[in-house]
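Values quoted throughout were computed directly from the atomic coordinates according to the rules given, and no laboratory measurement underlies them. Keep in mind that what you see is a predicted model, and the values were worked out from it rather than measured. In this analysis, Cβ positions are derived from the backbone assuming ideal geometry, glycine residues included, and neighbour counts consider all displayed protein chains.
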Amino acid sequence: MYGLTRGELVTLRRLDRPDKVQSYLDGLTYNIERDRDTVRSPRRVMRDRTAHCAEGAFLAAAAFRVQGRPPLLVDLEAVRDDDHVLAVYRDRGLWGAVATSKFAGLRYRAPVYRTVRELVLSYFEHYYNWDGERTLRAYSRPVSLARFDRIGWMTAEEDLWPLVEHLTAIRHTPLIPPAAARRLVRLDKRSYEAGLHGAPPH
């Protein structure tokens, strides 16, 4: 099944609800490798027990697929900050998400959002850089990773740069008007510190 081993399938089949996928991601070490960038496949994430946001989203998409859901990702685009990748899903027509992040507020969302835009807006106040600037500006449409089956994205030993490059290159929809972005104030100290709960050193 998708080239996965029996053990890998057992692991992914146990993640039979989005909250279980999130718990699995939360149990991984956040990938802060500084000697070389990596873009691990779900196989490598399960083996190495580490992931950054894109790697975690790929693992979540693989788990969704094994459970019969489409393997959908949404890319969040930021200014003066890293982009963020969500594995998104729908229950009864409503959108939710699973994600890995250094920031506590950029992770799980329950399926209560009527549109992808509503879902993405729920991340706005929690999406800030180390200087306390609110940095989220745009988002992509949901992308199915099934289009990358030709490179074996679920089991590849090579880094999955084609997936990252695609997510970066596709059209992104602005989330807030430029005038509103120019008026944003920095995050208050309490909210800033709360968002860093459990974060690895940077």
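Are any residues in segment 11-58 touching a helix residue (DSSP H, G or I) at 6+ places or on another chain (Cβ under 9 Å), over 19 Å from G152 (Cβ atoms), in contact (Cβ under 8 Å) with a residue 60 or more places away in the chain and in a helix (DSSP H, G or I), and if so, which ones?
Within segment 11-58, P18, V21, Q22, L25 qualify.
Anything in segment 65-97 that is touching a Phe, Trp or Tyr at 6+ places or on another chain (Cβ under 6 Å) and within 17 Å of T155 (Cα to Cα)? List them, or say none.
P71
Any residue in segment 171-184 that is among the hydroxyl-bearing types (S, T, Y), under 26 Å from W95 (Cβ atoms) and not in a helix (DSSP H, G or I)?
yes
Of L160, L121, which residue is out of contact with any His (no Cβ under 6 Å at 6 or more places or on another chain), surrounded by 15 or more Cβ atoms within 10 Å (Cβ to Cβ) and farther than 23 Å from F58 by Cβ?
Matching residue, one of L160, L121: L121.
Would you check if there is a residue in segment 139-146 being within 28 Å of R17 (Cα to Cα), exposed (fewer than 15 other Cβ atoms within 10 Å of the Cβ) and without any contact (Cβ under 8 Å) to a residue 24 or more places away in the chain?
Checked segment 139-146: no residue is within 28 Å of R17 (Cα to Cα), exposed (fewer than 15 other Cβ atoms within 10 Å of the Cβ) and without any contact (Cβ under 8 Å) to a residue 24 or more places away in the chain.
Return a yes/no flag: does segment 185-199 have any residue that is outside any strand (DSSP E or B), of a type outside the set (D, E) and in contact with a Ser or Thr (Cβ under 8 Å, 6 or more places away or on another chain).
no
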